[in-house]
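Undergrad: Mind having a look at this structure? Questions to follow.
Coordinate-derived values only; no laboratory data. For clarity, every value in this text was computed on a predicted model and none was experimentally measured. All Cβ positions, glycine included, derive from the backbone under ideal geometry; neighbour counts span all protein chains shown.
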Amino acid sequence: MAPAFVCRQLTKRYGATTALAGVDLDVEPGELLGLLGPNGAGKSTLTKIACGLVRACSGHAEVEGAPAGSTSARSAIGYLAELFRFPDWLSADELLALHQSLAGSEGGARERMELLELVELDHARATRVDAMSKGMQQRLGIAQALVGRPRLLMLDEPTSALDPVGRRIVRDLLTGVRDRGVAVVLSSHLLSEVELVCDRVAILNGGRIVARGTPAELARPHGVEIHTGSGVRSYPRAAREEVPGIVAALVAQGEEIYEVRVLSSTLEDAYLEAVGATQVVAHAPAEDAA
């Protein structure tokens with residue numbers, strides 16, 4: 001089976017600005033890949049090349065074995081841009097019907113209702129876009145990306161306008177889509193969301209992939225901390241397997257043990273190390289539209 005998406009030595013320049021500088025990436029069917037990086041790292045450019053909206057200067061990209069931008073590649077992709085705007089006067093149902101027409105989907109009313117139920121907007125079928133909160137519009141955007149049963153979803157900041165409940169809905173939705181064999185490329189600044197839901201992570205900086213792996217692989221061990229009766233003992237180079245021996249030695253010395261913590265770095269630590277500590281890392285906002 002061909003990868004859902006693959007690119008080799010992909011480059012893109014806008015005048016004197018290099019957006020991508022030789023990117024290699026594979027996304028397998030049924031894989032949820034988190035694409036991270038600061039503003040200007042090349043995430044949106046990579047997404048747009050995959051969707052056929054932008055042409056690469058060199059290298060190549062394929063969707064399910066077909067050249068990116070070809071008719072067969074486009075038919076396999078569902079896409080949600082970071083900054084999208086739907087016609088204000090359309091209802092949710094009318095908007096999905098429009099995108100069914102654009103995608104050549106024959107799913108009809110049944111597909112539309114299934115998608116609205118999937119994003120928990122079935123109660124808003126007749127609601128106009130201009131009467132929806134920003135978060136509702138975001139979820140509607142995900143529903144339109146799923147029109148026609150695409151096999152690769154390219155989502156650019158799909159949870160940016162959602163409150164915690166909305167983000168949970170989207171997380172559950174994405175894992176459910178992945179479990180049906182659909183590949184998902186999730187571009188996001190919310191590291192906590194990526195860490196919770198993604199199988200693998202690729203970090204872009206300066207148009208290059210500077211780190212990749214599972215969240216667990218990127219978050220390395222950082223030693224052991226033991227709270228004793230005489231204070232906190234730190235063992236920065238100790239591994240989890242050494243804990244029983246350390247505790248036994250402390251007890252033999254007469255120490256009372258109250259807590260043992262195996263420390264590890266987070267995805268945020270790995271991100272900052274990869275792109276530089278001066279970059280700002282975004283967390284889930286305290287207040288968002290539902």
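Undergrad: With r defined as the distance between the Cβ atoms of residue 102 and residue 26 and R0 fixed at 35 Å, what FRET efficiency is calculated, to the nearest 0.05?
TA: It comes to 0.75.
Undergrad: In degrees, nearest 10, range 0 to 90: what is the angle between the Cα axis of helix 108-118 and the longest Cα principal axis of the chain?
TA: It is inclined by approximately 20 degrees.
Undergrad: Please find, in a Gaussian network model of the chain (springs between Cα atoms separated by less than 10 Å), the residue of 225, 31, 62 whose mean-square fluctuation is greatest.
TA: Its mean-square fluctuation being the largest, the pick is 225.
Undergrad: Separate question: Cut-off is 10 Å between beta-carbons; in what order do 132, 113, 154 appear when sorted fewest neighbours first?
TA: Ordered from fewest to most neighbouring Cβ atoms within 10 Å, 132, 113, 154 come out as 113, 132, 154.
Undergrad: Full-extension gain between residue 266 and residue 230, please, as 0.36 nm times their residue separation minus the C-alpha to C-alpha distance.
TA: 10.1 nm
Undergrad: Taking R0 as 22 Å, what FRET efficiency do you get between residue 237 and residue 259 from their Cβ-Cβ distance, rounded to the nearest 0.05?
TA: 0.65
Undergrad: Against the longest principal axis of the chain, how steep is helix 164-179, in degrees 0 to 90 to the nearest 10, with axes from Cα atoms?
TA: Once rounded, the angle reads 80 degrees.
Undergrad: To test your reading of the geometry: what angle, between 0 and 90 degrees and rounded to tens, separates the Cα axis of helix 243-252 from the longest principal axis of the chain?
TA: 30 degrees
Undergrad: Under a crude label model (7 Å from the Cα following the beta-carbon direction), how far is residue 216 from residue 66 in nanometres?
TA: Each label point is offset 7 Å from its Cα along the Cβ direction, giving 3.6 nm.
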